[in-house]
Each structure stands twice: as structure tokens, then as C-alpha cells.
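> Quick one: this structure, given as C-alpha cells, is what I'll be asking you about.
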Amino acid sequence: MNVSKDELTNRVKEAYFEMVHYSGFPEKDVINIIKGQLMMDGVSSELIEELTRNLGK
């Protein structure tokens, strides 16, 4: 499934917010979980870094 960069950015932010604020997972762990899922989904490492760079700041 092809998703626009903006849509992917929104999904990453939403997943981060829900996992940190509702589930109580530590921020660093959440970022690593999101990075891992993006890698399994075939997202390039450059885009993963761009999408997760400002999470938790």
C-alpha cells in the first residue's frame, strides 16, 4: 500500500502519542518500536530517521 509522506508522518505521530500517553510506555522504547515497525514495512532508513527525529522533543 502506498501512503503519502504526510499521511505516514501523521500516523507516526498518532502512534507515538497513543503509546506514550495512553499506554505509558517509555518514550525511547516507543520510538524504537515505531522505527522497527517502519523497517518491517519497508520504509527507507533515511525516511525513518526523518519521521522519528523530533518525536519526544
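> Along the charge dipole of the chain, pointing to its positive end and built from +1/-1 on Cβ of Lys, Arg, Asp and Glu, which listed residue (Ser23, Val43, Ser4) has its Cα farthest out?
The residue sitting most towards the positive pole is Ser23.
> Would you kindly derive the ³J(HN,Hα) couplings of the stretch 10-16 from the backbone phi angles with the Karplus curve 6.51 cos²θ - 1.76 cosθ + 1.60 (θ = phi - 60°), listing them in order in whole Hz, with x for Gly and Pro?
In residue order, the calculated couplings are 5, 5, 5, 4, 5, 4, 4 Hz.
> Nearest 10 degrees is fine. How inclined is helix 27-40 to the longest principal axis of the chain, computing both from alpha carbons?
Taking Cα atoms only, the helix is inclined about 20 degrees.
> How big is the charge dipole of the chain about its Cα centre, in debye rounded to the nearest 20, if each Lys and Arg gets +1 on its Cβ and each Asp and Glu gets -1 on its Cβ? Mind dumping the intermediate values first?
Details: 7 positive and 10 negative charges, 26 e Å.
Charge dipole, the chain, about its Cα centre: 120 debye, nearest 20.
> Mean 1/r over all different Cα pairs, inverted: what Kirkwood radius does the chain give, in Å? Walk me through the numbers on the way to the answer.
Details: mean 1/r = 0.0874 Å⁻¹.
It is 11.4 Å.
Since every read-out is calculated from the coordinates, none of them should be taken as a lab result. Since we're looking at a predicted model, the values are computed, not measured. We place every Cβ from the backbone using ideal geometry, glycine too, and count neighbours over all the protein chains shown.
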